[in-house]
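> Quick one: this structure, given as structure tokens, is what I'll be asking you about.
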Amino acid sequence: MVTHQIKIIANIHSDRAYSIVSNVTNWSNWVPVLASPPALLNGIAGVGAEYSFPSKSRSAQDETLLKIIELKPNREMKWQYSGGMTGWGCMKLAPKDQATEISMEEEVFTPAIPAQIFASLLEQGASNLKLFLDNTKNP
């Protein structure tokens, strides 16, 4: 089991940041192991939505599923993983001057990926997210 916490500050308004990060289909823009955008499986938007994560490194039987378990608009989202990777994650957003502080925490079991490599991938994903949000224009 790997537990990892990351905090970034992105130069984007918190409402805009939340609208981007809470849409799980956007995650392939910064998550380094996603081969393509996650697919919505059950047609539900918001809490209860289930997504399939296409991995660059795992076979179809190792597919990871993500389910949204809590949303607090413009502030927080929580999810749980099952399938090829199990565990949970949480992302909290807070306004900070003209920017947004994003805190992410995940606790996952990844049998196919060693813990050190997974932690490195999370760090890379956080850096990618900051760059993506910094380059997104506020409306």
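> Can you name the residue in segment 76-102 that is of a type outside the set (A, V, I, L, M) and in contact (Cβ under 8 Å) with a residue 60 or more places away in the chain and is also surrounded by the fewest Cβ atoms within 10 Å (Cβ to Cβ) among such residues? Working first, answer last.
Narrowing segment 76-102 to residues of a type outside the set (A, V, I, L, M): 76, 78-84, 86-90, 92, 95-98, 100-101.
In the following step, the residues that additionally are in contact (Cβ under 8 Å) with a residue 60 or more places away in the chain were identified as 87, 95-96, 98, 100-101.
Numbers: Gly87: 17, Pro95: 14, Lys96: 12, Gln98: 10, Thr100: 23, Glu101: 16.
If we take residues in segment 76-102 being of a type outside the set (A, V, I, L, M) and in contact (Cβ under 8 Å) with a residue 60 or more places away in the chain, then Gln98 is surrounded by the fewest Cβ atoms within 10 Å (Cβ to Cβ).
> Still on this structure: Suppose we filter Ser52, Ser36 for residues that are under 21 Å from Phe109 (Cβ atoms), of a type outside the set (Asp, Glu) and not in a helix (DSSP H, G or I); which single one remains? Spell out how you get there, then give the answer.
Values: Ser36 fails: under 21 Å from Phe109 (Cβ atoms).
Selected residue: Ser52, the only one of Ser52, Ser36 that is under 21 Å from Phe109 (Cβ atoms), of a type outside the set (Asp, Glu) and not in a helix (DSSP H, G or I).
> What tally of residues in segment 76-98 results from selecting those that are of a type in the set (S, T, N, Q) and either in a loop (DSSP other than H, G, I, E, B) or in contact with a Cys (Cβ under 9 Å, 6 or more places away or on another chain) (or both)? Lay out the reasoning, then the answer.
Of all residues in segment 76-98, those of a type in the set (S, T, N, Q) come to 80, 82, 86, 98.
Next, only the ones that are either in a loop (DSSP other than H, G, I, E, B) or in contact with a Cys (Cβ under 9 Å, 6 or more places away or on another chain) (or both) stay: 98.
Summing the residues that are of a type in the set (S, T, N, Q) and either in a loop (DSSP other than H, G, I, E, B) or in contact with a Cys (Cβ under 9 Å, 6 or more places away or on another chain) (or both) in segment 76-98 gives 1.
> Moving to a separate point now. Would you check if there is a residue in segment 60-70 being touching a residue at least 24 places away in the same chain (Cβ under 8 Å), assigned to a loop (DSSP other than H, G, I, E, B) and over 17 Å from Phe132 (Cβ atoms)?
Residues of segment 60-70 touching a residue at least 24 places away in the same chain (Cβ under 8 Å): 62, 65-66, 68.
Now narrow it down to the ones that are assigned to a loop (DSSP other than H, G, I, E, B): none.
No, segment 60-70 contains no residue that is touching a residue at least 24 places away in the same chain (Cβ under 8 Å), assigned to a loop (DSSP other than H, G, I, E, B) and over 17 Å from Phe132 (Cβ atoms).
> Which residue, of Tyr51, Tyr18, is of a type in the set (Phe, Trp, Tyr) and either more than 22 Å from Asn128 (Cα to Cα) or without any contact (Cβ under 8 Å) to a residue 40 or more places away in the chain (or both)?
On the way: Tyr18 fails: either more than 22 Å from Asn128 (Cα to Cα) or without any contact (Cβ under 8 Å) to a residue 40 or more places away in the chain (or both).
None of the others qualify; the one that does is Tyr51.
> Scanning segment 1-59 for residues that are basic (Lys, Arg) and farther than 18 Å from Gly84 by Cα, which turns out surrounded by the most Cβ atoms within 10 Å (Cβ to Cβ)? Before the answer, list the steps.
Restricting attention to segment 1-59, the residues satisfying the condition of being basic (Lys, Arg) are 7, 16, 56, 58.
Among the residues that remain, those that are also farther than 18 Å from Gly84 by Cα are: 7, 16.
On the way: Lys7: 11, Arg16: 17.
My answer is Arg16.
None of the figures in this text is laboratory data; all of them are computed from the coordinates on show. From a predicted model like this one, the values you see are computed outputs, not experimental measurements. With ideal geometry, Cβ positions are generated from the backbone for all residues, glycine too; neighbour counts draw on all protein chains shown.
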